[in-house]
Amino acid sequence: MTPITTITSTTIPLMKENIDTDQIIPKQFLKNILKVGYGDHLFYDWRYRHPNDPDPEFILNRPERQGAHILVTGANFGCGSSREHAVWALKDFGFQVIIAGSYSDIFYMNSTKNGVLAITLPEADRLQLAQIAPNAEVTVDLPNQVVCYQDQQFHFEIDPLWKHKFINGLDDIAITMGYEDQIEAYEAKIPTYD
């Protein structure tokens, strides 16, 4: 994973509650076994009026919102099915941080395991962030666990283990490989049978 300490970016507010994984990435796009190529289909039914005909009014299609890495959204984000593709689509589109009121447990774990920082903030904080100008930047400071906008700071909680993993860019494989010497020493003690 790519380490995350601070991220400064513009935002995209999508203030809907209960956005499920089928809305994030519809089932017809789940054929790819790679983690890339899903960004074009993110929120497909909302982004496109017809195939290859983007709705210019949908916020992800607006020119002034391009390049944002922070999504600000409602509560119960990522509910529904357990498809990991939903996180892949968000990440492939360019989102590094999601700020929501809450998450489904499976979606939250899929996010953390795929290097997308899922932050929970109260509704009042998210509504303030949703109102900022399209060109205004927000900073997510993971070491200090705050989202900063101008002179405002919104504190968030994160499990210390996940914080360590994000800051150091560690996934489960990288953590396992940190024990490589011990694994090799253990395997060397296993008798072989010819």
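Could you work out the relative contact order of region 68-110, using alpha carbon pairs under 8 angstrom and six or more residues apart, expressed as a whole percent? List each step's numbers first, then the result.
Numbers: 56 pairs, mean separation 25.8, N = 43.
It comes to 60 percent, rounded to a whole number.
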Given the DSSP H assignment, sum -39500 (n - 2.57) over each helix run of at least 4 residues in the chain and divide by its residue total; what's the result at 222 nm in deg cm²/dmol, nearest 500?
-7500 deg cm²/dmol
Roughly how many debye, to the nearest 20, is the charge dipole of region 133-194 about its Cα centre, given +1 on each Lys and Arg Cβ, -1 on each Asp and Glu Cβ, and no other charges?
180
Ranked from fewest to most other Cβ atoms within 10 Å of their own Cβ, His164, His69 fall in the order His164, His69
Reported label for calculated Rg and Dmax of the Cα atoms in Å given [x] 15.8, 50; [y] 20.9, 64; [z] 19.0, 70:
[z]
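Arrange the following residues from fewest to most other Cβ atoms within 10 Å of their Cβ: Lys189, Lys16. Could you put the intermediate results ahead of the total?
Numbers: Lys189 6, Lys16 13.
Fewest to most other Cβ atoms nearby, the residues stand as Lys189, Lys16.
Under the 0.36 nm per residue contour assumption, what length would be gained going from the current alpha-carbon distance of Arg65 and Glu137 to full extension?
Values: separation 72, 0.36 × 72 = 25.92 nm, distance 1.14 nm.
That pair, Arg65 and Glu137, stretches by 24.8 nm at full extension.
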In debye to the nearest 20, how big a dipole does the chain give about its Cα centre with +1 on each Lys and Arg Cβ and -1 on each Asp and Glu Cβ?
420
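If contacts are Cα pairs under 8 angstrom and at least 6 residues apart, what is the relative contact order of the chain in percent?
Working: 343 pairs, mean separation 52.0, N = 194.
Rounded, it is 27 percent for the chain.
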Quick note on Leu129, Leu71, ordering by fewest other C-beta atoms within 10 Å, gives Leu129, Leu71
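When Lys and Arg each count +1 and Asp and Glu each count -1, what net charge do the other residues less than 10 Å away from Asp171, Cβ to Cβ, add up to? Mind dumping the intermediate values first?
Details: positive: Lys113, Lys165; negative: Asp172.
Local net charge: +1.
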Which of rounded, prolate or oblate describes region 1-71 when judged by the alpha-carbon gyration tensor and an a/c cut-off of 1.5?
oblate
Lysines near Lys35 by alpha-carbon distance under 24 Å, same-chain residues fewer than 8 away left out - which ones?
Lys27, Lys91, Lys113, Lys163, Lys165
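Taken together, the values in this text are just the output of simple stated rules run on the coordinates, not laboratory data. It should be emphasised that the depicted structure is a prediction, and the values quoted were computed from it without experimental measurement. Glycine gets a Cβ as well: all are built from the backbone with ideal geometry, and neighbour counts include every protein chain shown.
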